[in-house]
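The values are calculated or read from the model by the stated rules, or taken from the named source; none is laboratory data. Everything numeric here is computed off the predicted structure, so don't read it as measured data. Ideal geometry is used to build each Cβ from the backbone, glycine not excepted, and the neighbour counts take in all protein chains shown. Accessible surface areas use protein heavy atoms only, side chains included; no ligands, DNA or RNA. Shrake-Rupley method; radii C 1.70, N 1.55, O 1.52, S 1.80 Å.
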Amino acid sequence: MYGSGLVIYKVNTNFEGNNTGVYPRPETEVIINSELIVYRPDMTPTKFEKDGNFHAAYNNLEQSFFSADVGRTAFTPNTNPYPFLTNGTKINDIFITNISSAGETISFDFSRTGVSVASVSLDKTSISVRLGEADQTLTPTILPVNAQNGSVTWTTSNNRVATVSAEGVVSFVGVGTCTITVTTTDGNKTATCSVTVAEPPAYPVIAIADEYPAGVIVPLRVIGAGADKLTIFKVNGVEVTDFSPIWASLYEIEASSADGKIKITTYVNVK
């Protein structure tokens, strides 16, 4: 396997056969009999495609191990990656912390219980968009990483400007400003993100950022006057419904009318 370090693996004894076998799922996939409970950021659970082979977009071995050498020194319900089962159920009683560098041996602390929450922060402290742009997701970071209860609640100061779901997904519904607040269940620690929603442009614009990391899935949409006429999207000349780049590159994104008479283009850099 690529690299070295701590690999967390759990065998599901409810399945028959060895841990490399597969069993069929309804028409679309087959999956490992055992359950790999390492979650890779922005990926789905480890799985085989229908042809019986791993798909690179879902299974990145470079991200499946932990050590201080690669900057992954904790594995808890509050980290990303975090532990969960192949059926999507998050595991809330595994706390692996202080993972050392990998050598002939590797050390770490393990517990089935955590400690009290000390703080929470958000990956974004401000958002500025134009009305009509796609939802954005706020990601909270709970400290310490081995906090027992990492659950949070979300609120908005003005639901006529932006709403927020229980998962931290912010939707922009009106022009104005508001504040999104996340609050921890344990200790009522808070963090905020200010939101500004401006008027849509007076001309059609593809609502997408200039830069993204590989592996994202971004819905494609046009905002502004005449946006409803531009319904066909292409990435590097191939018709698509969303932008989901796998490789680092510069991508051309085009939006056009059904008859092809109206067309706008933008470029996105993927690192």
* Quick one: if you stick a label point 7 Å off each Cα along the C-beta vector at residue 126 and residue 155, how many nm between them? -> 2.4 nm
* To do: Quick one: check the C-alpha center-to-center distance for the range 86-159 versus the range 188-203, whole angstrom.
  => 22 Å
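Run the accessible area of the range 216-271 with a 1.4 Å probe and give the carbon-and-sulfur part as a rounded percent. Walk me through the numbers before you get to the answer.
Details: 1800 of 3330 Å².
Ligands and nucleic acids excluded, carbon and sulfur reach 54 percent.
I want the local charge near residue 243. Using Cβ-Cβ distances under 13 Å, sum +1 for each Lys or Arg and -1 for each Asp or Glu among the other residues.
Numbers: positive: 221, 234; negative: 210, 211, 239, 242, 252, 254.
Summing Lys and Arg as +1 and Asp and Glu as -1 gives -4.
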* Asked: For residue 216 and residue 247 in one chain, what is 0.36 nm times their gap in residues minus the Cα-Cα distance, to one decimal in nm?
  -> 10.1 nm
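Pull out the extension gain between residue 259 and residue 91, defined as 0.36 nm times the separation in residues minus the alpha carbon to alpha carbon distance; nm, one decimal.
Details: separation 168, 0.36 × 168 = 60.48 nm, distance 5.05 nm.
Gain on stretching residue 259 to residue 91: 55.4 nm.
Out of the total accessible area of the range 58-189 (probe 1.4 Å, heavy atoms of protein only), what percent is carbon and sulfur? Working shown, then result.
Numbers: 3030 of 6610 Å².
Within the range 58-189, the accessible surface is 46 percent carbon and sulfur.
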* **Net charge contributed by nearby residues that have their C-beta within less than 15 Å of residue 98 (K/R +1, D/E -1)** => -1
